[in-house]
1. Which value, in Å² and to the nearest 10, is the accessible area of E142 when all protein chains are kept and the probe is 1.4 Å?
2. Could you rank V167, V158 by how accessible they are, 1.4 Å probe, largest area first?
3. Over the stretch 132-208, what relative contact order in percent results from Cα pairs under 8 Å that are six or more residues apart?
4. Using Cα positions and a limit of under 30 Å, work out the lysines in reach of K111, with same-chain residues fewer than 8 apart set aside.
5. For a quick check of your reading of the filter: which trypsin sites (Lys or Arg not before Pro) in the stretch 48-107 sit in a DSSP loop and have no more than 13 other Cβ atoms within 10 Å?
6. How long are the semi-axes of the ellipsoid equivalent to the stretch 40-118, from square roots of 5 times the Cα gyration tensor eigenvalues, in whole Å, largest first?
7. Given the protein chains as shown and a 1.4 Å probe, how many square angstrom of I183 are accessible, to the nearest 10?
8. Could you put E61, E161 in order of accessible surface area, largest first, with the 1.4 Å probe and the full protein assembly present?
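The values are calculated or read from the model by the stated rules, or taken from the named source; none is laboratory data. Everything numeric here is computed off the predicted structure, so don't read it as measured data. Cβ placement follows ideal geometry from the backbone for every residue including glycine, while neighbour counts extend to all protein chains displayed. What goes into the accessible areas is simple: the full protein's heavy atoms, side chains included, and nothing from ligands, DNA or RNA. Shrake-Rupley method; radii C 1.70, N 1.55, O 1.52, S 1.80 Å.
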Amino acid sequence: MDWFRAFLVSLALALPLSALRLAADPPPILPDWETAQLFEGCAVQADSYARRLQALDRTWEVQLLTLKLPNGSKHSVVLASRGRERYLRDGTLGVFPADVNPQAAFTRRLKAWRNEHPLTSPNASRNHQPPATEAATAAAIEIAARGLATDTQRYLVVDGETRFWVVSWTTVDGQQALYHPRIGTTLTRTSPRSSREAIARTILHTLGFKRSTLIGSSQR
């Protein structure tokens with residue numbers, strides 16, 4: 001039997017470790033308790049998850065993907081990849097294979113989820129109403145900043161009679177992001193050489209706040 005053992009050893013040395021796996025383990029779900037409370041907070045949740053996953057296991061490469069829901073609105077999820085392993089992670093749908101086409105995989109998963117939960121909305125556990133007051137927007141961005149656990153900048157925005165807080169940061173995959181607690185998150189590939197405040201102003205302008213003033217900020 002010595003020749004057989006020698007054969008197995010030579011085979012193991014010749015093959016990469018990934019080829020010897022009988023079944024790859026997907027990334028953990030890592031539930032998000034606080035960020036799930038945010039109105040339109042999918043990008044904050046996705047970035048928070050991506051950072052926690054990499055803190056647990058640096059072998060996973062992470063990227064934020066913007067996909068489309070059946071009604072045409074945009075939705076952020078995480079693409080976690082390691083070699084040939086590719087998974088999507090969504091706060092409600094969990095972790096599932098991304099396949100070659102992440103959008104198609106997400107649509108199939110969402111359809112299956114709805115078949116299993118015919119009386120429940122995918123974001124039934126989240127707030128359906130945006131925060132109505134300045135203080136409520138401040139509370140929302142504090143939740144977002146804690147969830148992101150990275151360098152964030154908060155701004156108090158005044159636009160006419162409207163006052164609200166926003167938070168800006170650089171995502172785990174290098175995008176510039178701004179979370180508006182009453183609208184959601186805007187992601188852009190704007191050059192990081194621009195100041196954080198300039199990026200925030202540009203994003204607010206695209207959201208329709210043409211003459212907004214950033215009168216206060218705090219960093220974390």
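1. 60 Å²
2. On the way: V167 0, V158 30 Å².
These residues rank, largest area first, as V158, V167.
3. Numbers: 97 pairs, mean separation 17.2, N = 77.
22 percent.
4. Output for K111: K68, K74.
5. Numbers: sites: R51, R52, R58, K68, K74, R82, R84, R86, R89; in loops: R58, R84.
Of the trypsin sites (Lys or Arg not before Pro), the ones in loops of the stretch 48-107 whose Cβ has at most 13 other Cβ atoms within 10 Å are R58, R84.
6. On the way: eigenvalues 88, 40, 25 Å².
Semi-axis lengths for the stretch 40-118 are 21, 14, 11 Å.
7. We get 80 Å² for I183.
8. On the way: E61 125, E161 180 Å².
My answer, sorted largest first, is E161, E61.
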